[in-house]
1. Which pairs turn up if I take residues in segment 33-51 that are closer than 18 Å to Arg104 by Cβ and look for partners that are of a type in the set (Lys, Arg) with beta carbon separation below 7 Å, at least 6 apart in sequence or on another chain?
2. Considering each of Gly311, Gly220, Gly251, Gly247 in turn, give the residue that is under 14 Å from Met187 (Cα atoms), surrounded by 14 or more Cβ atoms within 10 Å (Cβ to Cβ) and at pLDDT 80 or above.
3. Could you list all residues from segment 66-80 that are of a type outside the set (Lys, Arg) and part of a helix (DSSP H, G or I)?
4. At pLDDT below 75, part of a helix (DSSP H, G or I) and more than 30 Å from Thr298 (Cα to Cα): which single residue out of Arg92, Arg152 fits that description?
5. Report every pair of residues separated by at least 6 positions or lying on different chains whose Cβ atoms are under 9 Å apart, first residue within segment 279-299 and surrounded by 17 or more Cβ atoms within 10 Å (Cβ to Cβ), second among the polar types (S, T, N, Q) and part of a helix (DSSP H, G or I).
6. Does Ala110 satisfy the criteria of being surrounded by 13 or more Cβ atoms within 10 Å (Cβ to Cβ) and at pLDDT below 80?
7. Any residue at all in segment 235-242 that is assigned to a helix (DSSP H, G or I) and either among the charged types (D, E, K, R) or surrounded by 20 or more Cβ atoms within 10 Å (Cβ to Cβ) (or both)?
8. Report yes if Pro268 is assigned to a loop (DSSP other than H, G, I, E, B) and modelled with pLDDT of 75 or more, otherwise no.
Amino acid sequence: MRFFTQRRHFRDLSEQEVLALAISSEEDDARIYRTYAQQLREEYPDTAKVFDGMALEEDNHRKALIAAHKKRFGEVIPLIRREHVAGYYARRPVWLVENLPLERIREEAAMMERDAEQFYLEAAKASSDAETRKLLGDLAAAEAGHQHSAERLERENLTDEALQSEADMAKRQFVLTWVQPGLAGLMDGSVSTLAPIFATAFATHDPWTTFLVGLAASVGAGISMGFTEAASDDGQLSGRGSPVKRGIASGVMTTVGGLGHALPYLIPHFWTATIIAMIVVFIELWAIAWIQNKWMETPFLRAAFQVVLGGALVFAAGALIGSG
């Protein structure tokens, strides 16, 4: 099968190469854990301590593996890494993980240890050499030990108070980065586009023209809101997170809010499309009130009154202008 791939198969590696692969893997994992710790230290210092401890565990295992290599094969360690071996477990690039929620990063770390343990166990089963099989079994046990060490480090560093504090921080960051700008966009898209869409509808009684006006208003408002949100605050002082994320949340939800009651005008019958559009508007406004209540902790009745009243006024303005 080498004809089809430049990578070596695990079964073709010598015992020295397997040991060298384990050493490079332990080194890479330690660097990944230290990167996690650095990224989390400011907002989640207790979890950062856990990853610092896990990196030290990886360092200790790497040192033990290097000592074993020196004893059996000498000072020169062959250069062999994960990407050189076909079928070997891969690590996701750190930049694909850094924007994940805190709990997802913890799960990613646990999966790293499980992948390594499972790989060594399966490789040990496939090996016919007793010494290689023992070596692979020892590596699997070491990875399983890493999982127990991670659990111990979490117990030592993550008290109930620390976990609750970090959970509150993660929720607050999610609200500031995604929910707040997304809600603002949904409100703007749902309410501000009511007037031009229904004014066009009642003025022309032409569903297709109304749809085109609604599509243009929704997309235009989405682009405007997205750029405005991204440019208004870089998130450094306010702690609201990435301006790109906020801009995407605001722009997409603005467009969605406007398209909700523009899409019914793809129906060629005017009154059927208008009635469905009114129903969609009602659903949109109540959804906004529900989001405000759930994530912004606004009393539901107050949120409903504000949103429904504002939407009704804008709808009435559009309908009156169009009818006149």
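1. Final answer for the pair search is Ala48/Arg41.
2. Values: Gly311 fails: at pLDDT 80 or above; Gly220 fails: under 14 Å from Met187 (Cα atoms); Gly247 fails: under 14 Å from Met187 (Cα atoms).
Step by step, each of Gly311, Gly220, Gly251, Gly247 is checked, and only Gly251 is under 14 Å from Met187 (Cα atoms), surrounded by 14 or more Cβ atoms within 10 Å (Cβ to Cβ) and at pLDDT 80 or above.
3. Taking segment 66-80 as the starting set, the residues that turn out to be of a type outside the set (Lys, Arg) are 66-69, 73-80.
Ile66, Ala67, Ala68, His69, Phe73 - these are the residues of segment 66-80 that are of a type outside the set (Lys, Arg) and part of a helix (DSSP H, G or I).
4. Testing whether each residue is at pLDDT below 75, part of a helix (DSSP H, G or I) and more than 30 Å from Thr298 (Cα to Cα) leaves just Arg152.
5. Val281/Ser190; Glu284/Ser190; Leu285/Ser190; Ile288/Ser190; Ala289/Gln306; Gln292/Gln306
6. Details: surrounded by 13 or more Cβ atoms within 10 Å (Cβ to Cβ): yes; at pLDDT below 80: yes.
Yes; evaluated as a whole, the condition is true for this residue.
7. Going through segment 235-242, the residues assigned to a helix (DSSP H, G or I) turn out to be none.
Looking for residues that are assigned to a helix (DSSP H, G or I) and either among the charged types (D, E, K, R) or surrounded by 20 or more Cβ atoms within 10 Å (Cβ to Cβ) (or both), one finds none in segment 235-242, hence no.
8. yes
The values are calculated or read from the model by the stated rules, or taken from the named source; none is laboratory data. Please read all numbers here as calculations on a predicted model, not as lab measurements. We place every Cβ from the backbone using ideal geometry, glycine too, and count neighbours over all the protein chains shown.
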